[in-house]
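The values are calculated or read from the model by the stated rules, or taken from the named source; none is laboratory data. Bear in mind the structure is a predicted one, so any value in this text is a computation, not a measurement. Backbone-built Cβ (ideal geometry, glycine too); neighbour counts: all protein chains shown. Quick note on the areas: whole protein, heavy atoms, side chains included, nothing else; ligands and nucleic acids left out. Shrake-Rupley method; radii C 1.70, N 1.55, O 1.52, S 1.80 Å.
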2 protein chains.
Amino acid sequence: MPITQAEENYLKAIFKIAEKDDKPALTNAIAAVMQTSAASVTDMLKRLADKQLITYEKYRGVQLTEEGHRLSTALIRRHRLWEVFLTEKLGFAWDEVHDLAEQLEHIQGNGLIDRLDNFLGNPGFDPHGDPIPNAEGHWTYRNQSLLATLQPGTQGVVTGVDDHSATFLQYLDQLGLALGAQVSLLEQFPYDHSVRVRTGDGRELVLSEKVTKNLYIKLLESGN
Amino acid sequence: MPITQAEENYLKAIFKIAEKDDKPALTNAIAAVMQTSAASVTDMLKRLADKQLITYEKYRGVQLTEEGHRLSTALIRRHRLWEVFLTEKLGFAWDEVHDLAEQLEHIQGNGLIDRLDNFLGNPGFDPHGDPIPNAEGHWTYRNQSLLATLQPGTQGVVTGVDDHSATFLQYLDQLGLALGAQVSLLEQFPYDHSVRVRTGDGRELVLSEKVTKNLYIKLLESGN
DNA sequence: AAAAAAATTTAGACTAGACTAAAATATTTT
DNA sequence: AAAATATTTTAGTCTAGTCTAAATTTTTTT
């Protein structure tokens with residue numbers, strides 16, 4: 001039995017939930033990610049369990065099997081490589097590529113993705129700074145922290161985002177905080193957990209907690 | 001109501017049949033192209049007629065409406081541009097790209113295809129020599145003839161194929177008759193309609209009627 | 001440890017797209 | 001112009017994926 005696009009999408013949703021919580025993914029959580037009803041999720045979980053892509057215990061949530069994990073990783077790899085293609089080669093902005101990659105990731109074909117990877121120069125990260133697993137499913141590790149967790153006085157470079165919504169990404173563009181932008185954390189305001197930062201080009205910005213909790217920074221060695 | 005992938009595939013099949021015959025496409029003909037049953041075709045024809053993409057008269061066959069024609073043309077444009085991408089950029093051979101393009105042609109997204117077209121340098125023809133309609137749906141005309149229709153003594157260049165099967169394309173590769181190859185028609189054998197040709201690099205080949213009826217040649221001016 | 005609330009599953013129904021078998025309509029042959 | 005044949009449509013069924021409403025199970029509150 002081939003794996004359908006709907007099944008692939010569920011696998012990805014389960015992977016993403018498991019990644020965060022490291023606990024079995026619950027029906028309602030999956031329903032929220034998939035924007036569908038809990039009843040539909042239950043139906044699909046049975047199908048995925050039949051295909052041995054998840055282990056499913058009624059009322060207890062699900063976990064990916066090894067095969068399910070392998071497929072999810074491959075799917076994320078495909079998604080992120082297509083995102084690189086769309087930005088690097090076709091000139092799309094980082095807030096425009098998600099929906100297209102969501103479709104492209106389902107294209108099936110021998111050797112397609114490895115050729116694409118090669119054509120793109122084997123990129124390690126996608127346009128949002130997310131790592132791209134290699135053909136064996138291994139991830140590049142990177143030392144980055146949410147801006148929200150840093151101490152005043154530290155300095156770093158924007159390396160990723162947690163929120164991939166177009167509105168957030170466009171707001172970052174407006175602030176001049178694309179990937180690679182330098183920021184120094186000047187001050188934290190305990191009242192609402194907003195912060196004041198200085199950008200690489202010398203501007204000062206105040207960022208809300210919502211921003212600091214969605215922006216990844218790689219620290220620069222303080223010696224530099 | 002959005003147009004589904006299945007509907008798009010039927011539109012393309014109807015377009016291709018109409019292109020050849022210039023008569024209404026009949027149920028069985030569509031069933032043959034779609035590799036499905038006549039009953040399934042009838043079901044789909046009703047849906048397409050509801051959506052005003054075809055005009056359908058029971059037992060009488062179908063014709064594309066203006067909108068149906070526009071959509072089919074756009075679909076062919078997408079298919080052929082993706083084929084160019086797969087060969088030119090990813091290095092696939094001309095006999096490997098059909099199934100992938102069959103999937104890629106259904107990707108929906110604002111500006112995607114025009115960006116792709118631009119990235120590829122606005123190619124006029126796909127890897128099989130088929131013309132690619134432009135964004136307005138206009139076709140590049142090219143003066144080419146089936147090898148089967150040429151007279152001995154004429155000389156030309158391979159510009160296209162009618163049969164897109166991998167076996168035919170691989171056979172042409174083996175014969176050294178890729179797009180752009182030179183051929184002079186030396187002799188026709190009335191018995192089985194096979195022909196003897198000389199290739200650009202001086203080899204002599206005998207080609208069966210099946211080959212000559214699937215190979216397009218653009219005549220060289222005899223003065224050259 | 002009941003009762004209340006929340007989460008999940010079941011039951012039953014719907015649509016798109018396919019199928020087979022049977023009925024209806026067209027076309028071809030005699 | 002009938003009869004025979006070929007084509008097409010209808011009728012009824014199936015699956016994947018969705019839905020709502022009702023029933024069940026788990027968790028939380030009292």
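Tabulated data for the structure shown
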item	result
The stretch A:145-219 - Kirkwood radius from inverse mean 1/r over Cα pairs (Å)	12.0
Teacher prompt: A:Arg47 distances to equivalent labels in other copies, 7 Å Cα→Cβ, nm	1.6
For chain B, diffusion coefficient by Stokes-Einstein and Kirkwood Rh (Cα), 25 °C, 0.890 mPa s, µm²/s	128
For the pair B and A, total buried accessible area rounded to nearest 100 Å², probe 1.4 Å	1700
Gaussian network model of chain B, Cα within-10 Å springs - most flexible of B:Val33, B:Val197, B:Val157	B:Val33
Accessible surface ranking that places the most exposed of A:Arg70, A:Arg60 first, with a 1.4 angstrom probe	A:Arg60, A:Arg70
Exposure of A:Thr149 as accessible area (Å², to 10), given a probe of 1.4 Å and all protein chains	90
Accessible surface of the protein assembly as shown [probe 1.4 Å, protein heavy atoms]: carbon and sulfur percent	48
Contour minus Cα-Cα distance for B:Glu67 and B:Leu146 (0.36 nm per residue)	25.3 nm
Two-decimal Rg/Rh across the stretch B:5-64, once Rg and the Kirkwood Rh are taken from alpha-carbon atoms	0.90
Average accessible area per residue (Å²) across the stretch A:145-219 - probe 1.4 Å, nucleic acids and ligands excluded	52
For a label point 7 Å along the Cα-to-beta-carbon line of A:Gln182, residues of the stretch A:154-172 with backbone N under 12 Å	A:155-158
Label spacing, shortest first and in nm, from B:Gln170 to its equivalents in the remaining copies (7 angstrom along Cα→Cβ)	5.0
Förster radius 41 Å - calculated FRET efficiency between B:Lys89 and A:Lys218, Cβ distance, rounded to 0.05	0.80
For residues of A:106-118, the mean tally of beta carbons on other chains within 10 Å	4
Positive minus negative residues near A:Glu204 (Lys, Arg vs Asp, Glu; Cβ under 9 Å)	+3
Label spacing, shortest first and in nm, from B:Gly124 to its equivalents in the remaining copies (7 angstrom along Cα→Cβ)	4.5
Mean-position separation - Cα centroids, the stretch A:1-54 and the stretch B:151-166, in angstrom	51
Dimensions (Å) - the stretch A:37-79, Cα atoms, principal axes, largest first	30, 21, 16
Above-threshold pairs, the threshold being 22 Å between Cα atoms, out of B:Lys16/B:Lys89; A:Lys12/A:Lys51; A:Lys23/A:Lys46; A:Lys23/A:Lys58; A:Lys16/A:Lys213	B:Lys16/B:Lys89
Percentage, to the nearest whole number, of Cα pairs in the protein assembly as shown over 36 Å apart	46
Peptide B:97-104, shielding by other chains (average Cβ, 10 Å cutoff)	3
Residue among A:Glu105, A:Glu209, A:Glu136 with the largest mean-square fluctuation in a Gaussian network model of chain A, springs linking Cα atoms under 10 Å	A:Glu136
Set of lysines near B:Lys218 by C-alpha distance (under 21 Å), chain-local residues within fewer than 8 positions excluded	B:Lys20, B:Lys210
Computed lengthening from A:Tyr59 to A:Arg47, 0.36 nm per intervening residue step minus Cα-Cα distance	2.7 nm
Degrees separating the helix B:5-21 axis from the principal Cα axis of chain B, which is the longest one	50
Crossing angle, helix B:38-50 versus chain B [Cα axis fit, 0-90 degrees, rounded to tens]	60
